[in-house]
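Data first, discussion second: the structure below is written as C-alpha cells.
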Amino acid sequence: MIASMNVQTYNLLMSDLGITEKRILCGMGYYDDVAPEYIITATAEFLKLADKNADLKVGFAEYSAEQIQLTRSTVSISGYTFNVGKIIANHLKGAESIIVFAASAGEKFDKWIASQFNANEQLYGYIADTIGSEIVESACDWLENFLVAKFEGIDWKCSNRLSPGYCNWNVEEQHKIFALLPDNFCGIKLNESALMKPIKSISGIIAAGREVRKLDYQCNICNLEHCYKRRKDKNLE
Amino acid sequence: MEILEKLSECIEYGKSNKEFKHPPHLVGSDGASELTAIALSQGISPDDILKKGLMTGMNRIGEKFSTGKAFIPNLLISAKAMYAAMEHLKPFFESGEAKHKGTMLIGTVAGDLHDIGKNIVKMVMEGDGWKVIDLGVNVKTELFLENLNKTENCIVGLSALLTTTMLNMEETVREIKKFNESIKVFVGGAPLSEEFALKIGADKYFADPHSLTKYIN
C-alpha cells in the first residue's frame with residue numbers, strides 16, 4: 001500500500017497529444033535537413049497506424065511536504081531515499097509536493113514495433129520505435145501541462161520532469177519510483193536491470209511549490225553525451 | 001567500371017531494385033539487385049562487386065552519417081539495398097569463391113533488450129564485407145563464450161543502452177579476455193564512453209558504426 005493520498009491515471013488518445021509528422025522526423029534526426037520523400041511518406045502512414053496500436057496511459061501519485069526531505073544531493077519521499085545528485089536536487093528546491101509519475105504507450109505498441117522488425121523491415125521498425133518514443137514523451141508533456149494548470153490556482157510552479165537514468169541519476173533507482181506507485185501502474189513492470197516493460201514507458205518525478213523554479217536541463221554539466229534532452233531545446237513546431 | 005559506380009550510388013541512396021520509387025533521381029532505373037545481377041553476368045568478380053560497389057556505397061553513407069549529413073533511416077534504406085545485392089553474392093560466399101574480411105560476434109549484453117543500435121552495426125559491418133553472427137539481445141556471457149569456441153579469428157561487438165546493463169559488459173569482457181586475450185572486444189551504446197570501455201578492459205568504444213569500420217580497416 002503506497003502512502004500517497006492522491007493517485008490519478010488517465011487514458012489518452014493520440015488526438016489529445018497533437019503529434020506532428022515533423023516531430024517524428026526530428027526524433028529521427030531531421031531537424032534542419034529535409035528527409036527523403038520516401039521516409040516522409042512512410043512516417044505519415046505509420047503515424048496513422050500508431051493510433052490503432054497505442055494504449056496510452058499516464059498517471060501520478062502526489063506526495064506532500066511532510067513526506068519529503070531534500071538535501072543538496074538526495075531527496076526522500078515517503079521513506080525512500082533517492083541519490084539524485086546535485087543537478088536534480090537543484091531542480092527540486094522549494095518542493096512542497098512531489099509528483100511521482102509514469103506513462104506508457106502500452107504492450108500492444110511494443111508488439112507492433114517488434115512485428116515491423118520481425119518482418120525484416122528495419123526502417124519501418126525504426127519509424128514505429130521513434131513514434132513510440134515521441135508519443136510517450138508527448139504524454140508526459142500533457143501531464144506537465146495538466147500539473148501546471150492544476151497548481152496555477154494556488155500559485156505553485158512545477159519543475160521539469162526528471163527521470164532516473166538522466167543527469168547522473170542512477171537508473172537503478174527506478175525501482176524506488178515504482179515502490180511509490182501502485183502495482184502494475186499504467187501497465188508497467190520493471191525487470192532486474194530497471195528496464196520498463198512495455199519498453200515505450202517513462203517514469204520520474206516533478207516538484208511543485210511556491211518557490212519551485214523551472215530550470216533548463218543542464219546538459220553542459222551532464223556526462224550523457226548522446227541524451228535526447230540535448231536536442232530537446234531545438235524548435236519542433 | 002561504370003556499373004560498379006552505379007551500384008555504389010544505389011547503395012548510398014538506398015535504391016534496392018527497379019520497382020522501388022526512391023530516390024527521386026533514380027526512379028525507373030535499375031537498383032542494387034538488378035545491377036549486381038548484370039555485373040555478375042558481365043564477369044565482374046564478386047570480390048570487385050563487394051569492394052568497389054557495395055562497400056564504396058556503404059562507406060559513403062557511413063561517412064555522411066558520422067558527419068551528421070545522414071541519419072539512421074538513410075542508413076537503414078542503404079542497408080536494405082546492400083542486402084538486395086548480397087542475395088546475388090551469397091552463393092559465391094558459400095562456395096568460398098568470395099571471402100569475408102572476417103567474422104564478428106555481436107550481441108546486446110545480459111539484462112538489456114535494446115537492439116536497434118546493434119542491428120545497425122551488424123548491417124554496416126556486413127556491408128563492409130564481414131560475416132556477422134548476431135546473438136541477439138539479453139546475451140549472457142556463456143553464450144558469447146560458447147560461440148567463441150565455435151568461431152575462429154573473430155572480433156566481438158557488445159552493445160548496451162542502460163547504465164545498469166553497461167555494467168554487465170565488464171564481466172563479459174573479462175571472461176572473453178580470459179578465454180583468449182587476443183580477441184578484440186569493441187563496445188557501443190548511448191551511455192558508454194571511451195573511458196568506460198578502457199576501464200572495463202574492452203579494446204575500444206565507438207559512437208557510430210562507420211568509425212568502427214574505419215578503425216578495423
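Among the candidates B:Lys101, B:Lys131, B:Lys90, the residue that is in contact with a Gly (Cβ under 6 Å, 6 or more places away or on another chain), within 27 Å of B:Ala37 (Cβ to Cβ) and away from every other protein chain (no Cβ under 14 Å) is uniquely B:Lys101.
A single member of B:Thr108, B:Thr103 is surrounded by 24 or more Cβ atoms within 10 Å (Cβ to Cβ), at pLDDT 90 or above, in contact with a Ser or Thr (Cβ under 7 Å, 6 or more places away or on another chain) and polar (S, T, N, Q), and it is B:Thr108.
Here is the figure for the stretch B:122-151: residues that are among the β-branched types (Val, Ile, Thr), assigned to a helix (DSSP H, G or I) and touching a residue at least 40 places away in the same chain (Cβ under 8 Å) total 1.
Within the stretch A:72-131, the residues that satisfy the criterion of being within 14 Å of another protein chain (Cβ to nearest Cβ) and charged (D, E, K, R) are A:Glu107, A:Asp110, A:Lys111, A:Glu121, A:Asp129. Hey, any hits in the stretch A:58-72 for a residue that's under 19 Å from the mean Cα position of the chain (by Cα), at negative phi and among the β-branched types (Val, Ile, Thr)? Yes, that holds for at least one residue.
Number of residues in the stretch A:165-183 that are under 17 Å from the mean Cα position of the chain (by Cα) and free of Cβ contacts under 8 Å to residues at least 60 places away in the same chain equals 5. If you go through the stretch B:185-206 and keep only what is more than 14 Å from chain A (Cβ to nearest Cβ) and assigned to a helix (DSSP H, G or I), you end up with just B:Leu198.
Tell me whether the stretch A:25-44 contains one or more residues that are touching a residue at least 24 places away in the same chain (Cβ under 8 Å) and away from chain B (no Cβ under 14 Å). Checked against the condition, which is being touching a residue at least 24 places away in the same chain (Cβ under 8 Å) and away from chain B (no Cβ under 14 Å), the stretch A:25-44 yields no hits at all.
Quick one: would you say B:Phe144 is at pLDDT 95 or above, closer than 30 Å to B:Gly53 by Cα, buried (at least 16 other Cβ atoms within 10 Å of the Cβ) and outside the structural domain of B:Ala85 (by TED's automatic domain parsing)? When the stated conditions are applied, B:Phe144 does not pass them. Please specify each residue of the stretch B:19-31 satisfying the condition of being away from chain A (no Cβ under 11 Å), crowded, with 16+ Cβ neighbours inside 10 Å and assigned to a loop (DSSP other than H, G, I, E, B). The answer is B:Asp30, B:Gly31.
Name every residue in the stretch A:203-217 that is over 20 Å from A:Ala65 (Cα atoms) and either surrounded by fewer than 22 Cβ atoms within 10 Å (Cβ to Cβ) or basic (Lys, Arg) (or both), in order of residue number. Outline the logic, then answer.
We begin by selecting, within the stretch A:203-217, every residue over 20 Å from A:Ala65 (Cα atoms); these are A:203, A:215-217.
A:Leu215, A:Asp216, A:Tyr217 - these are the residues of the stretch A:203-217 that are over 20 Å from A:Ala65 (Cα atoms) and either surrounded by fewer than 22 Cβ atoms within 10 Å (Cβ to Cβ) or basic (Lys, Arg) (or both).
Scoring B:Ile183 on the criteria (1) free of Cβ contacts under 8 Å to residues at least 40 places away in the same chain; (2) of a type in the set (A, V, I, L, M); (3) surrounded by fewer than 22 Cβ atoms within 10 Å (Cβ to Cβ); (4) closer than 22 Å to B:Leu76 by Cα leaves a single failure, condition (4). Select from the stretch B:156-184 the residues that are in a loop (DSSP other than H, G, I, E, B) and either in contact with a Leu (Cβ under 9 Å, 6 or more places away or on another chain) or within 12 Å of another protein chain (Cβ to nearest Cβ) (or both) and write down the one among them that is nearest to B:Val137 (Cα to Cα). Among those residues, the one meeting the criterion is B:Ala160.
Picking from residues in the stretch B:47-56 that are over 13 Å from the mean Cα position of the chain (by Cα) and buried (at least 21 other Cβ atoms within 10 Å of the Cβ), the one that is nearest to A:Asp33 (Cα to Cα) is B:Gly53. Looking only at the stretch A:184-210, residues that are within 16 Å of the chain's Cα centre (by Cα) and either in a strand (DSSP E or B) or more than 14 Å from every other protein chain (Cβ to nearest Cβ) (or both) come to 15 in all. Scanning the stretch A:152-168 for residues that are modelled with pLDDT of 90 or more, of a type outside the set (A, V, I, L, M) and not in a helix (DSSP H, G or I) turns up A:Gly153, A:Asp155, A:Trp156, A:Lys157, A:Cys158, A:Ser159, A:Asn160, A:Arg161, A:Ser163, A:Pro164. Evaluating B:Ala70 against the criteria (1) within 18 Å of the chain's Cα centre (by Cα); (2) in a helix (DSSP H, G or I) leaves one unmet condition, (2). Taking (1) at pLDDT 60 or above; (2) more than 14 Å from chain B (Cβ to nearest Cβ) in turn, A:Asn235 satisfies each apart from (1).
The values are calculated or read from the model by the stated rules, or taken from the named source; none is laboratory data. The structure displayed is predicted, hence computed values, not measured ones. For neighbour counting, all protein chains shown are included, and Cβ atoms are generated from backbone atoms with ideal geometry for every residue, glycine included.
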